[in-house]
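First the structure, in the form of structure tokens, and then the observations on it.
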Amino acid sequence: MGVPKFYRWISERYPCLSEVISDTEIPEFDNLYLDMNGIIHNCSHPNDDDVNFRISQEQIFCDIFAYIDKLFNIIRPQKVFFLAVDGVAPRAKMNQQRARRFMSARTAAEQEQAHVRKGGKLPTEKRFDSNCITPGTVFMAELHQALSSWLNVKIDKDPLWHNIRVYLSGHDCPGEGEHKIMEFIRHERIADGYDPNTRHCMYGLDADLLMLGICSHEPHFSLLREEVKFSRPPSKKSGAGSAQRANPSQTNFHLLHLSLLREYLSWEFDPLKASLPFPYDVDRIVDDWVLMGFLVGNDFIPHLPHVHIHDDALPLLYQTYIQILPTLDGYINESGILHLKRFEVFLKAFAANDRKHFLQIMEDESYLRSKRCQEPHGQNTEESSLSSTDSNDERDETTEDSLLDEAAFVSSDEEEDTAEAANRIPDGGLPSASYLLTHLNSGWFNCWTKTVSNSFRRHKRSYYREKLQYENITKTELRQQAEGYVRAIQWNLHYYYRGCVSWNWFYPHHYSPYISDVVDFSDMDMSFELGQPFKPFEQLLAVLPTASAECLPQPLRDLMCNKESPISDFYPTDFRTDLNGKKNDWEAVVLIPFIDEKRLLSAMESKIPLLTQEEKLRNTPGNILLYCSLELLPPSLLLRPVLLPVDSFYLEPQKVVWGLLPNVKLDVYFPGFPTMKHLPHSAELKQVKDIIFLLKKEEFEKVREVFDGRLLSRITGTVFLLHERSSESKDLPKIPERINIGLSLKFSKRNQEVWLIGDLKSKGTTVPFGSQGTVVGLSSGKVDVLFDLEFNGKEVILGACVPKTSLINITYGKTRKGQKLKRQRENGSLRAKIGKRLVAGKESKENTPSGIQKVRNSLLPDGYSLTCHVSEQLVRKSSISTCRTKRAFNS
């Protein structure tokens, strides 16, 4: 799962990272890696909201094979094809897996109950239980066997699969799929003859793949994933057939280039070049950037209070880093090893976020109280209500001060700020929360009084009491919380840079401490014990709810379902969730008990002898399978995979090679891998109004000007294929009724020149980068443009009417000649039909629909009209930014 909302955020901030896959313009890759669990989930339950969707296991397997084949044919790796299925995960990951599976089972049951209450009927066939996509189940064992046989056939029959190494690390090999891939890459990097310019492509849906890829410091690394469509309302259909099977042939795929992300990060932290007292190193900056990403959430640690991506936590982290790093004596993340003293300084600076958020809470509460509480003369004042509240608090201040001092929430820095503030706040009463926030940027000491500080400490004490069940948290307990969180960060860094450093460690809380309380940890011990991974059935009992008991062997189900079981308390049927500052239900904290490993293993001891031989085999680690073409194998191994030990790619930490390898070619242009190194350009960070993923938001974005400053304005919109140019035939060509192609236009009002930024492609249609179109009309906020292009070998006209905030859909519809303009409002949209034919050199003024000023088209056949749908739905920027990368930065 990775960092929630991270992929969207980074795509908005750095809009040129991705490009839409084109069959004719794909970079050449040496190695392709598939994180298989995303494929398995897509092919087995494409829409969890459809309670009527049913699919057979045979069809699931066929769809999985088709998906793999499609991805292989897109990338066509030259050396290695690595398929990694999730095996048993580290204990740290199981907490999230357990929460996710409990929620999945409850949601499925609630959906079916709601469907029946509404009078719906459920199919007689049993619904696919997605929780069976867990190592050790019958489903995963049969999939592994089928996948192994299918790979044998492909290597034997398909010429594209010859002369490459194909690896299958299945569910019986411990480790998460993406981390098994990274383990393989680390092992390859130390091999004799390894090419430091190897070109890698990894497929997967998790946002953390981006961090895994970039912290490998392999310079030519891209991520392959399906097009993500954000903010679309879920389908309301519940009838049969509303969910469709996975169909990769109808799916748009994107390549996200980590080479460009590396260059973006260089610009992001460019101010450090002039301020660091030690050498500036982009690779070390990247390592610290990965560390900062962990602070906004990951699969192993609960997010910090009030540190959310949707609240601009990442820009605040970056600003703090740029301010603090020049005061340190080096970088914070030293190739996966946390420098504790530097990290502590950074966190102290970032802790300002805690106090700022508290002041915002005070302001909100003061405002609400001012609406409820009246002054004697009928006036509401924020200051009086806040003062009144705090004066009530101060009645018990003598008693509470001893408790607060024992808890020691406040640091020495905070005490200094409080002392300074006492001398700076003007006489006349307690400052309001609005005053505090107004003077926030001028320094904390200007506003952080003792009264405010005590209120903040009471606020945090309440958090620890309600969330972590500390009645009055002590200094010792608070230090344990701080050290536990820092240890979790270090475990994460080890996991990403070196592999799993401990299979048994996990973060033992549902919530994290306040960042302002993560202090005084610079001398803590950071050692870990490696331990052993769980066996598959141990993990099944650790993560599955009672509703998925059938995924377990019969002898083990009793431990889960019997109320007399010694571990029955591990499987609650009713549990609470807590959004804890998040906005979506799927982000909620699932409050279920953690597994006690000793109790679990003890309860299983008496059941293991009752397993069948086949079940015992499923509970045993397997092998990594290596497939080679006939040319690479001796006759004795034809059509049989080579069995590799499960730890074949494991490296001891001291053997791992970090950073860029010698002889890497950063300045050499590799076809298909975009770079800005060979283009004169400048960069600036500015706030723009943009249309992102169906939403109009004010976001920060890196803007690159690659046309020598000629960019006077940016307009986003859609363009549409009109028809084939033909003087003989009056029939329309056989094309889809509507073709929407994302477009970003660059135009100059002075010269009325229009350039295309990016490639437009759709089913054989191509408008190359840099094409110059003819401006038909200019109006306020709108540009009408015509482009010539090739469509299936025939010359056609591409028409574009590009409003700034509207989506224009143009289709053909046959009408009677001369039909009058008909307007109607439908679903909040304006629909208009033009019945009058447009003649060369003339413009139809009376029959021009609202939203389009001028369209010139001399080739509209008799009897056909142009139908325009002007909708207030906003343009998707993903289809704009992702299609312009390659040519824009490599031409």
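Laboratory data are not the source of any read-out in this text; all were calculated from the coordinates shown. Every value quoted in this text rests on a predicted model; they were computed, and no experiment measured them. Cβ placement follows ideal geometry from the backbone for every residue including glycine, while neighbour counts extend to all protein chains displayed.
Set the Förster radius R0 to 45 Å, insert the Cβ-Cβ distance between Gln145 and Leu679 as r into 1/(1 + (r/R0)^6), and round the FRET efficiency to 0.05. Efficiency for this residue pair is about 0.30. In terms of other Cβ atoms within 10 Å, His200, His510 run from fewest to most in the order His510, His200. Separation of segment 511-579 and segment 61-112, taken as the distance between their Cα centroids, equals 20 angstrom. Packing here is the average count of other Cβ atoms within 10 Å per residue, and on that basis the peptides 651-662, 266-277, highest first, run 266-277, 651-662. Rounded to two decimals, the Cα radius of gyration of segment 502-548 over 2.2 N^0.38 Å is 1.68. Just check segment 31-138 against the gyration tensor rule for me: Cα atoms, a ≥ b ≥ c as the square roots of the eigenvalues, rounded for a/c under 1.5, and otherwise prolate or oblate depending on whether a/b exceeds b/c. It is oblate, given that a/c is not under 1.5 and a/b is not larger than b/c. Built from the Cα atoms of segment 127-202, the convex hull projects on average onto 7.0 nm², one quarter of its surface area. Highest mean first, the peptides 524-530, 167-173, 482-488, 150-156 sorted by other C-beta atoms within 10 Å per residue fall in the order 167-173, 482-488, 150-156, 524-530.
Using the alpha carbons alone, the radius of gyration of segment 55-202 stands to its Kirkwood radius in an Rg to Rh ratio of 1.06.
Measuring against 31 Å, Cα to Cα, the residue pairs Lys70/Lys180; Lys341/Lys665; Lys79/Lys273; Lys118/Lys467; Lys475/Lys535; Lys5/Lys118 contain Lys341/Lys665; Lys79/Lys273; Lys118/Lys467; Lys475/Lys535; Lys5/Lys118 as the ones spanning a longer distance. Take the Cβ atoms of Thr620 and Ser527, set R0 to 25 Å, and the FRET efficiency comes out at 0.25. If R0 is 22 Å, the Cβ-Cβ spacing of Val657 and Val282 corresponds to a FRET efficiency of close to 0.80.
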